[in-house]
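A.B. asks: Just passing along the structure, written as structure tokens.
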Amino acid sequence: MTLTFEDFRPGPFGSFGPRHVTREEMLAFAAEFDPQPMHLDEEAARHSMLRGLAGSGWHLCSIMMRMMFDGFLRRTASLGSPGVNELRWLVPLRPGDDLTLDVEIVEARVSRSRPQTGIVTVRNVARNANGEALCEMISPLMIARRAGAAVEQGA
């Protein structure tokens, strides 16, 4: 069943994962996309404010996106996203972390300019196995409405 806008109501939506993060994948991502010393070099990382090897925040965001896709977006009538409203890295991603993604629907409203489209604002929180929040991202998703929903509501 494809999820449409009408399936998203404010409140908790689900938890997805776990997703294990290896040291090797962290290093590979950092080498390719974010080659700062705290992401690549154990000794430099130990002397940084992160106090140890830490994954790139952009790697964590990529993992979160994959977890969203695997968790619910693959079966959603998604039309994309206009961006990210808020993004905060709270605790470093560490080699060996097992991540879960908690998703909450913050708001669901019909688009004023495109009544056949809904805007669903989601709050995603990535947590490690200890329950610590590593990253929080709030972003709107554009999701198609059920066929005829705009007509039924007089839109």
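The values are calculated or read from the model by the stated rules, or taken from the named source; none is laboratory data. Because the structure is predicted, anything quoted here is derived from the model rather than measured. Cβ placement follows ideal geometry from the backbone for every residue including glycine, while neighbour counts extend to all protein chains displayed.
A.B. asks: Just to verify a result, which residue in region 128-155, among those that are charged (D, E, K, R) and under 18 Å from Arg74 (Cα atoms), is modelled with the lowest pLDDT?
C.D. replies: Arg146
A.B. asks: Please name all residue pairs, on different chains or six or more residues apart, with Cβ atoms under 6 Å, provided the first residue is in region 9-26 and is surrounded by 14 or more Cβ atoms within 10 Å (Cβ to Cβ) and the second residue is of a type in the set (Gly, Ala, Ser).
C.D. replies: Phe16/Gly71; Met26/Gly55
A.B. asks: Mind counting the residues in region 87-116 that are at negative phi, assigned to a loop (DSSP other than H, G, I, E, B) and in contact (Cβ under 8 Å) with a residue 24 or more places away in the chain? Please lay out each step first, then the result.
C.D. replies: The first filter runs over region 87-116 and keeps only residues at negative phi, leaving 87-95, 97-116.
Okay, now just the ones that are also assigned to a loop (DSSP other than H, G, I, E, B), so 90-92, 94-95, 97, 111-116.
Remaining after also requiring in contact (Cβ under 8 Å) with a residue 24 or more places away in the chain: 90-92, 94-95, 97, 111, 115-116.
Selection size over region 87-116: 9.
A.B. asks: Could I ask something else about it? Within the group Val103, Val110, which residue is farther than 19 Å from Phe72 by Cα and surrounded by 16 or more Cβ atoms within 10 Å (Cβ to Cβ)?
C.D. replies: Working: Val103 fails: farther than 19 Å from Phe72 by Cα.
From the options Val103, Val110, the qualifying one is Val110.
A.B. asks: Being at pLDDT below 95 and among the hydrophobic types (A, V, I, L, M, F, W, C) is the filter; apply it to region 46-100 and report the residue that is surrounded by the most Cβ atoms within 10 Å (Cβ to Cβ).
C.D. replies: Leu50
A.B. asks: Suppose we filter region 117-143 for residues that are touching a Phe, Trp or Tyr at 6+ places or on another chain (Cβ under 9 Å) and outside any strand (DSSP E or B); how many remain?
C.D. replies: Number of matching residues: 0.
A.B. asks: Starting from region 41-52, keep only residues that are touching a residue at least 12 places away in the same chain (Cβ under 8 Å), then list their pairs with residues that are in a loop (DSSP other than H, G, I, E, B) and of a type in the set (Asp, Glu) whose Cβ atoms are within a distance under 6 Å, requiring at least 6 positions of separation or different chains.
C.D. replies: Between residues of region 41-52 that are touching a residue at least 12 places away in the same chain (Cβ under 8 Å) and residues that are in a loop (DSSP other than H, G, I, E, B) and of a type in the set (Asp, Glu), there is no close pair.
A.B. asks: Please indicate, with yes or no, whether at least one residue in region 41-52 is at negative phi, touching a strand residue (DSSP E or B) at 6+ places or on another chain (Cβ under 6 Å) and not aliphatic (A, V, I, L, M). Working first, answer last.
C.D. replies: Here is the first cut: in region 41-52, the ones at negative phi are 41-50.
From the residues that got through so far, the ones that are touching a strand residue (DSSP E or B) at 6+ places or on another chain (Cβ under 6 Å) too are none.
No - not one qualifying residue is present in region 41-52.
A.B. asks: A follow-up question, please. Check Val103, Val125 and return the single one that is in contact with a helix residue (DSSP H, G or I) (Cβ under 8 Å, 6 or more places away or on another chain), among the hydrophobic types (A, V, I, L, M, F, W, C) and at pLDDT 95 or above.
C.D. replies: Working: Val125 fails: in contact with a helix residue (DSSP H, G or I) (Cβ under 8 Å, 6 or more places away or on another chain).
Exactly one of Val103, Val125 is in contact with a helix residue (DSSP H, G or I) (Cβ under 8 Å, 6 or more places away or on another chain), among the hydrophobic types (A, V, I, L, M, F, W, C) and at pLDDT 95 or above, namely Val103.
A.B. asks: Still on this model: Going through region 27-40 one residue at a time, which ones are assigned to a helix (DSSP H, G or I) and either touching a residue at least 40 places away in the same chain (Cβ under 8 Å) or not acidic (Asp, Glu) (or both)? Let's see the steps before the verdict.
C.D. replies: Looking only at region 27-40, we keep the residues that are assigned to a helix (DSSP H, G or I), and these are 27-33, 37-40.
Passing the criteria: Leu27, Ala28, Phe29, Ala30, Ala31, Phe33, Pro37, Met38, His39, Leu40.
A.B. asks: Could you say whether any residue in region 41-50 is under 24 Å from Gly131 (Cβ atoms), part of a helix (DSSP H, G or I) and out of contact with any Phe, Trp or Tyr (no Cβ under 7 Å at 6 or more places or on another chain)? Give the steps one after another, and end with the answer.
C.D. replies: At the first step, the residues of region 41-50 found to be under 24 Å from Gly131 (Cβ atoms) are 45, 49-50.
Cutting the leftovers down to part of a helix (DSSP H, G or I) gives us 45.
If we keep only those that are out of contact with any Phe, Trp or Tyr (no Cβ under 7 Å at 6 or more places or on another chain) too, we end up with 45.
Among the residues of region 41-50, at least one is under 24 Å from Gly131 (Cβ atoms), part of a helix (DSSP H, G or I) and out of contact with any Phe, Trp or Tyr (no Cβ under 7 Å at 6 or more places or on another chain), which makes the answer yes.
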